[in-house]
Amino acid sequence: MSLLRQGSAAAAAAAPPDTPVRRGRGTVTAGRSAGPRTGRRSSRTRHQLMGLFLITPFTLLFLAFLVAPLGYAFWLSLRTSTLVGGDHFSWFANYQQAFTDHQFLSGLARVALFGVVQIPLMLGLALLGALLIDEVGSRLAKVFRMTLFMPYAVPAVIGALMWGFLYSPTFGPVQSLTHALGLGSVDLLSHSLMLTSLGNIVTWQWTGYNMIVLYAALQGLPREVYEAAKLDGAGPVQTALRIKIPMVSSALVLTLMFTIIGTLQFFTEPRVLRPIASSVITPDYTPNLYAYNLAFQYSEFNYSAAISFALGAVVFVGSYLFLFAARRRSGLK
Amino acid sequence: MTTAVATPAVPATHHARRKARVSKGRVTVNVVMVAMILYFLMPFWWLVVAATKNNDALFSTAALWFHSPGSIVDNLRQLFTYNDGEYLRWMGNTVVYAGVSGVGATAVATFAGYAFAKYRFPGRNLLFSSLLGAIMVPATALAIPTYLLLSKVALTDTMWAVILPSLLNPFGVYLVRVYVQDSLPDELLEAARVDGAGELRVLFNVALPTLKPALVTVLLFSMVGTWNNFFLPLVMLNNDKLFPLTVGLQSWYAGAMVQSGANALFTLVVVGSLVAILPLILAFLLLQRYWRGGLTVGSLK
């Protein structure tokens, strides 16, 4: 198709030299009528070539650092390498192993539990904040917006480091607080509280980001709707619940999706806190931590590739289908 | 207001009651906001306070208040000289990674986003559909597979291993595309072409100046993304001379724990964290508009 079009365009471009130059120049009308036609065709080729030229760097990077790694990981994941048997093709044995592997499954269950509690809490807080700053235009609201968003600019590693210090059972301020409240010593890095403590770090880091996204969506809504609601006697709370929240539901779904994806990949915070709580945060604490340790501690590259690929591919296919459906609905081409 | 004055008694009290209810609500809202501000600021406050303490004071004095004599100058000197000044090297590495990846990713995203918006070429729809899926794939999911692939071509444990994968920024492409569609009319480009400008001239002299806000946003997000990245360099790099700040600080922290007790490394981790986030906070405060620009597109489309 494209070759054919380029071919005919090239033919059209080659045409002018055949036609007598005199005629082209002599008769103004003939020159005018021929000019645009050949010009348009050759410019279409140029147009296509320019498009391809501009897109090529991206295409190459896309192939090299998205398609190829996923493809290679998939290929590796279908093989098994043992000291005795050597390297051989084993179909889906690694995936089979993963779904009966207690370590992998418990990590997955932990991340799921984490998500079920932390995600609604954080998005609820973000939504509350967004509704507040949308309703109240005060200077305090501005400070509020900036302060909540600020942790987003901090590297996750440093966020986790700071909270690691703050959680410290020996000198952290959280300890002083629980003592002051008469709760005695509370070990925030213990087995029972670690997931909560990690949830607090993630909430601190990401609430503001989600709030700004939701706030932007709220700001995009037509103001007349609120006026109408106000005339009907709706207070700010009713307006928020009945009008604003339903109208930003697509932004909410989007933040939810990004958050679920991030939670599935949970890695940095547990990895950073591992040195101060090594008995609690085991090498298989989250699926991604497990994949990392399989590759770099135990050199089980094939099995690690299977878990990485499963985590990445599920996200890719899932979000693609989701976006495809959402794009259809919103009409964005 | 005027109606309240004109019609006496009943409406006025009604009005007052309503006003009281509203201001009560406002007080609650303000209390909630102040409480949340304090909570979100607390770690920053702690970091600033802790950075002024020496190692003994860090562990023995109240965590959220200053202790005199402060030792911030001494801490900074230690930070920059410890282990042959490896912190400065990490900072240099981070600047290189963030700078090269940021500029490169922005250039790639600009060309691609512009091409998606203004050109038709073979494979365009297929590529754009895959782009939408790619936006969702988090970089962490790709790090280990990319490591396995790059180790085949002996590129791991080099600066390229961190820079090259960071050049791919599907969201940046998407953002530029949306921005071009919304703010760059075809007529403008067509007029330049009629005036005899070639395609590249049109791009550089007509399109790019209009796209500047979008480019700053993409640059900001790419640079900060690379500056903050942890998993990719952690996976790729073995040689601690190539570490960025995130991986370096984490290695200090882990090292301090191994040696246990009141190790001087803890102070360095604290001061090092503060120095590492200062440029980010500055960029954040000065470039607010561009941050929000990127997120607005994300929320609406």
Problem set entry | Residue within segment A:151-170 that is part of a loop (DSSP other than H, G, I, E, B), more than 33 Å from the chain's Cα centre (by Cα) and either at the interface with another protein chain (Cβ under 9 Å from one of its Cβ atoms) or at pLDDT 90 or above (or both) present | yes
Exercise. Taking segment B:55-110 as the region of interest, how many residues are at negative phi and without any contact (Cβ under 8 Å) to a residue 40 or more places away in the chain?
Worked result: 22
Exercise. Out of the residues in segment B:81-130 that are among the basic types (K, R) and either modelled with pLDDT under 90 or in a helix (DSSP H, G or I) (or both), which is nearest to B:V247 (Cα to Cα)?
Worked result: B:R89
Problem set entry | Residues located in segment B:253-282, provided they are within 10 Å of another protein chain (Cβ to nearest Cβ), crowded, with 24+ Cβ neighbours inside 10 Å and not aliphatic (A, V, I, L, M) | B:Y253, B:G272, B:S273
Problem set entry | Breaking point among (1) closer than 30 Å to A:F309 by Cβ; (2) not in a helix (DSSP H, G or I), for A:V117 | (2)
Problem set entry | Meets criteria (modelled with pLDDT under 85 and surrounded by 17 or more Cβ atoms within 10 Å (Cβ to Cβ)) for A:L294 | no
For this session: Specify the residue that is nearest to B:A264 (Cα to Cα); the eligible residues are those in segment B:36-54 that are β-branched (V, I, T) and either touching a residue at least 12 places away in the same chain (Cβ under 8 Å) or more than 7 Å from chain A (Cβ to nearest Cβ) (or both).
Result: B:T52
Exercise. Picking from B:T146, B:T156, which residue would you name as being more than 19 Å from the chain's Cα centre (by Cα) and facing chain A (nearest Cβ under 7 Å)?
Worked result: B:T146
Exercise. Which residue, of A:T268, A:T255, is modelled with pLDDT under 90, touching a helix residue (DSSP H, G or I) at 6+ places or on another chain (Cβ under 7 Å) and within 12 Å of another protein chain (Cβ to nearest Cβ)?
Worked result: A:T255
For this session: Can you confirm whether segment A:126-138 contains a residue that is part of a helix (DSSP H, G or I), touching a residue at least 12 places away in the same chain (Cβ under 8 Å), in contact with a Pro (Cβ under 8 Å, 6 or more places away or on another chain) and surrounded by fewer than 23 Cβ atoms within 10 Å (Cβ to Cβ)?
Result: yes
Exercise. Does segment B:186-198 contain at least one residue that is surrounded by fewer than 23 Cβ atoms within 10 Å (Cβ to Cβ), touching a residue at least 60 places away in the same chain (Cβ under 8 Å) and out of contact with any Pro (no Cβ under 6 Å at 6 or more places or on another chain)?
Worked result: yes
For this session: Keeping to segment B:52-70, report how many residues are outside any loop (DSSP other than H, G, I, E, B), more than 15 Å from A:M162 (Cα to Cα) and either touching a helix residue (DSSP H, G or I) at 6+ places or on another chain (Cβ under 8 Å) or among the aromatic types (F, W, Y) (or both).
Result: 1
Exercise. Given the structure, is B:T140 polar (S, T, N, Q), facing another protein chain (nearest Cβ under 7 Å) and either crowded, with 18+ Cβ neighbours inside 10 Å or in a helix (DSSP H, G or I) (or both)?
Worked result: yes
For this session: Please enumerate the residues belonging to segment B:159-189 that are within 11 Å of chain A (Cβ to nearest Cβ) and not hydrophobic (A, V, I, L, M, F, W, C).
Result: B:P165, B:S166, B:N169, B:P170, B:G172, B:Y174, B:R177, B:Q181
Exercise. Of the residues that make up segment A:269-284, is at least one acidic (D, E) and in a loop (DSSP other than H, G, I, E, B)?
Worked result: yes
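The values are calculated or read from the model by the stated rules, or taken from the named source; none is laboratory data. Computed from a predicted structure; not experimentally measured. Here the Cβ is made from the backbone with ideal geometry for all residues, glycine too, and neighbour counts use every protein chain on show.
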